[in-house]
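The values are calculated or read from the model by the stated rules, or taken from the named source; none is laboratory data. Values in this document were obtained by computation on a predicted structure and should not be read as measured data. No Cβ is skipped: glycine too gets one built from the backbone with ideal geometry, and neighbour counts run over all protein chains shown.
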Amino acid sequence: MPELPEVEILARHLRPLLRGKTIRTVTVRRERAVRPNTPVELRKALAGAKFMELSRRGKYLLFHFRSKASHKTTAVLGHLGMTGRMYLASKNEALPKHAAIVFDLGHQNFIYEDFRYFGRMSLDLSPIDNLGPEPLEKSFSPQTLAAALKNSRQPIKVKLLDQAVVAGIGNIYASEALFRARISPKLAANRLTSIQTKKLWRTIREVLNEAIGYGSTVPLKTMSGKSDALFYFSDGGEGFYEERLRVYNRAGKPCLNCETVIKGIRQAGRSTFFCPKCQNSRFLTK
DNA sequence: CACCATGTTCCTTG
DNA sequence: CCAAGGAACATGGT
């Protein structure tokens, strides 16, 4: 679910569905999901508030509410972690086992569900202060990318996961962007040539834009015949999920450019996939 | 039982 | 002090 394209798709789906809705009550079913706030703080801030706008920053969602009595504005920062989902559901439907937070909207519930509970919804907006530029906006340029890379000896793949370099890239699209740029994931960040940096800048935007165009890595579907509830199905391995990604999770399979066997390695505790022939840079780390 | 998983943060190591 | 690596978080799938 949770890299920039998936969050963007989710924001586009939810925005029109939430607009104008008023929150009756907030139920926090898992305290960890509102950290560093308490359930009481969230409930107090949002009870009776009206949804105004939904925006995205990196992998974060920003919900904007206005309280009825005062004209005060409240913002809630959401993050889906690894396995978070957000959707509207009819009140007739039983809550899922791992519903973390439920907003009562009247005839519907807005549900944040997360079976690993790495995500959150809180009033603390500070996490977005440390984010780098939005990759699809003007603030992200080959020059800003070069500046962000020039002082690090970390492997470029690891550096791309640093949200202060550029916001929203995750483990899947880091491998995808490097494959398209034909840059080794093991190349030290400060060893990219300016040509490589520009190429990487372009392929980052390419993979993210294409993913948004496709819908998302994990298909976002409407349950047919079940109101307008939105559900994510993680059926990786079939459908456009597998066809779309060119290297991620393809260890042992032939490179789509040159047939060389795709390698799977671990970097900083995360899996990386690459073609050892197409992505054969010099000055590799380790 | 083992290992893997789209993310972030905290602690330790060098 | 800093950069980098690893564990923790929590649950489920294979």
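Determine if the stretch A:120-127 includes at least one residue that is within 17 Å of A:GLU8 (Cα to Cα) and among the small types (Gly, Ala, Ser). No, every residue in the stretch A:120-127 fails to be within 17 Å of A:GLU8 (Cα to Cα) and among the small types (Gly, Ala, Ser).
If we scan the stretch A:258-281, do we find a residue that is more than 16 Å from DNA strand C (Cβ to nearest atom), outside any loop (DSSP other than H, G, I, E, B) and modelled with pLDDT under 90? For the stretch A:258-281, residues more than 16 Å from DNA strand C (Cβ to nearest atom), outside any loop (DSSP other than H, G, I, E, B) and modelled with pLDDT under 90: absent. Among residues that are more than 10 Å from DNA strand B (Cβ to nearest atom) and touching a residue at least 12 places away in the same chain (Cβ under 8 Å), A:SER55 is included. State whether the residues of the stretch A:231-249 include one that is within 16 Å of DNA strand B (Cβ to nearest atom), modelled with pLDDT of 60 or more, charged (D, E, K, R) and not in a helix (DSSP H, G or I). Checked the stretch A:231-249: at least one residue is within 16 Å of DNA strand B (Cβ to nearest atom), modelled with pLDDT of 60 or more, charged (D, E, K, R) and not in a helix (DSSP H, G or I).
Condition check: modelled with pLDDT of 95 or more and either within 19 Å of the chain's Cα centre (by Cα) or more than 28 Å from A:PRO133 (Cα to Cα) (or both). Does A:PHE103 satisfy that? It is true that A:PHE103 is modelled with pLDDT of 95 or more and either within 19 Å of the chain's Cα centre (by Cα) or more than 28 Å from A:PRO133 (Cα to Cα) (or both).
Could you check, for the stretch A:10-20, whether at least one of its residues is closer than 19 Å to A:GLY119 by Cβ, crowded, with 18+ Cβ neighbours inside 10 Å and in contact with a Gly (Cβ under 9 Å, 6 or more places away or on another chain)? There is no residue in the stretch A:10-20 that is closer than 19 Å to A:GLY119 by Cβ, crowded, with 18+ Cβ neighbours inside 10 Å and in contact with a Gly (Cβ under 9 Å, 6 or more places away or on another chain). State which residue is farthest from DNA strand C (Cβ to nearest atom) when the search covers only the stretch A:142-188 and only residues that are polar (S, T, N, Q) and in contact (Cβ under 8 Å) with a residue 24 or more places away in the chain. Top of the filtered list is A:SER175. The set of residues from the stretch A:99-141 being closer than 28 Å to A:ALA268 by Cβ, more than 16 Å from DNA strand C (Cβ to nearest atom) and charged (D, E, K, R) comprises A:ASP124, A:ASP129, A:GLU134, A:GLU137.
Applying the set (1) more than 27 Å from A:ARG116 (Cβ to Cβ); (2) at pLDDT 95 or above to A:ALA69 leaves exactly one unmet item: (2). Within the stretch A:51-59, is there a residue that is within 16 Å of DNA strand C (Cβ to nearest atom) and in contact with a strand residue (DSSP E or B) (Cβ under 9 Å, 6 or more places away or on another chain)? Yes, the conditions are met somewhere in the stretch A:51-59.
Wholly within the stretch A:1-106, which strands (runs of 3 or more DSSP E) include no fewer than the required count, namely at least 1 residues that are under 21 Å from A:ILE212 (Cα atoms) and among the charged types (D, E, K, R)? Working first, answer last.
Working: elements: A:25-28, A:49-57, A:60-67, A:73-79, A:84-90, A:99-104.
Those strands (runs of 3 or more DSSP E) span A:49-57, A:84-90.
Residues in the stretch A:177-191 that are surrounded by fewer than 24 Cβ atoms within 10 Å (Cβ to Cβ) and within 18 Å of the chain's Cα centre (by Cα): none.
Do we have any residue at all in the stretch A:66-88 that's within 30 Å of A:ASP162 (Cβ to Cβ), among the hydrophobic types (A, V, I, L, M, F, W, C), more than 16 Å from DNA strand B (Cβ to nearest atom) and surrounded by fewer than 22 Cβ atoms within 10 Å (Cβ to Cβ)? Looking through the stretch A:66-88, at least one residue is within 30 Å of A:ASP162 (Cβ to Cβ), among the hydrophobic types (A, V, I, L, M, F, W, C), more than 16 Å from DNA strand B (Cβ to nearest atom) and surrounded by fewer than 22 Cβ atoms within 10 Å (Cβ to Cβ). Evaluation of A:ARG24 against the conditions (1) crowded, with 19+ Cβ neighbours inside 10 Å; (2) of a type outside the set (Phe, Trp, Tyr); (3) touching a residue at least 40 places away in the same chain (Cβ under 8 Å) shows that the sole unmet condition is (1).
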